[in-house]
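K.L.:
One structure, pasted below without further comment.
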Amino acid sequence: MVSNPAIDLELRIKQNLKLKTIYDRVEIIPPVDPGHGFDHTVRVAKLCGRLYLEESRARGLAKPSELEVDSAIVAGLLHDCVPIAKNSELRSQ
């Protein structure tokens with residue numbers, strides 16, 4: 001079994017101004033529902049970074065660069081940035 005590499009998001013944000021800027025901007029987006037608040041977004045961002053590391057290792061790929069891991073984290077941060085309600089007709093577009 002592959003160990004789960006931890007993602008220290010707070011440290012990465014302190015070390016990367018661009019990542020901090022995205023984090024700060026996403027933090028002020030109002031959630032579409034209580035289950036999709038910023039704490040959810042942070043959990044997803046950490047999970048994206050961890051999964052990227054795990055999948056790279058499991059596939060025998062070279063260790064990902066910091067930029068690659070940060071890109072996966074950004075994908076997690078932005079995944080709910082345009083809040084669309086579950087019952088919205090916009091979801092079919």
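K.L.:
Bin width 10 Å, alpha-carbon pairs only: give the P(r) of the chain as whole percents, running from 0 to the bin holding the largest distance.
P.N.:
16, 43, 28, 13, 0
K.L.:
Now, a different point. Roughly how tilted is helix 66-78, in degrees to the nearest 10 and between 0 and 90, from the longest Cα axis of the chain?
P.N.:
20
K.L.:
How much net charge surrounds GLU54 when only the other residues with a Cβ under 15 Å from the Cβ of GLU54 are counted, with Lys and Arg +1 and Asp and Glu -1?
P.N.:
With Lys, Arg at +1 and Asp, Glu at -1, the net is +3.
K.L.:
I want the local charge near ILE28. Using Cβ-Cβ distances under 15 Å, sum +1 for each Lys or Arg and -1 for each Asp or Glu among the other residues.
P.N.:
So the surrounding residues net to -2.
K.L.:
I want to verify a result. In a Gaussian network model of the chain, Cα cutoff 10 Å, which of these has the top mean-square fluctuation: ALA58, ALA72, ALA45?
P.N.:
ALA58
K.L.:
Would you compute, from DSSP H runs of 4+ residues alone, the mean residue ellipticity of the chain at 222 nm, taking -39500 (n - 2.57) per run and dividing by the full residue count, rounded to the nearest 500?
P.N.:
Roughly -17500 deg cm²/dmol at 222 nm, from the helical runs in the chain.
K.L.:
If you take every residue apart from GLY76 with its C-beta less than 9 Å away from the C-beta of GLY76, what net charge results, scoring Lys and Arg +1 and Asp and Glu -1?
P.N.:
+2
K.L.:
Taking the simple approach of a point 7 Å from Cα along Cα-to-Cβ for both LYS18 and ALA75, what is their distance in nm?
P.N.:
1.6
K.L.:
Test of understanding: what is the full-extension gain from ASN87 to GLU68, defined as 0.36 nm times their sequence separation minus their Cα-Cα distance?
P.N.:
Between ASN87 and GLU68, full extension yields an extra 3.5 nm.
K.L.:
Taking 0.36 nm per intervening residue step and subtracting the Cα-Cα distance, what contour gain separates GLU54 from GLU27 on full extension?
P.N.:
So the extension gain works out to 7.1 nm.
K.L.:
What are the lysines whose alpha-carbon lies under 28 Å from the alpha-carbon of LYS63, with same-chain residues fewer than 8 places away excluded?
P.N.:
Cross-link targets: LYS14, LYS18, LYS20, LYS46.
K.L.:
Computing the accessible area with a 1.4 Å probe over protein heavy atoms, can you report the carbon and sulfur percentage for the chain?
P.N.:
For the chain, the apolar C and S fraction of the accessible surface comes to 58 percent.
The values are calculated or read from the model by the stated rules, or taken from the named source; none is laboratory data. The structure presented is a predicted model; accordingly, all values stated were derived computationally and were not measured. Cβ coordinates were reconstructed from backbone atoms using ideal geometry, including for glycine residues, and neighbour counts include every protein chain displayed. Keep in mind that these areas ignore ligands, DNA and RNA; they rest on the heavy atoms of the full protein, side chains included. Shrake-Rupley method; radii C 1.70, N 1.55, O 1.52, S 1.80 Å.
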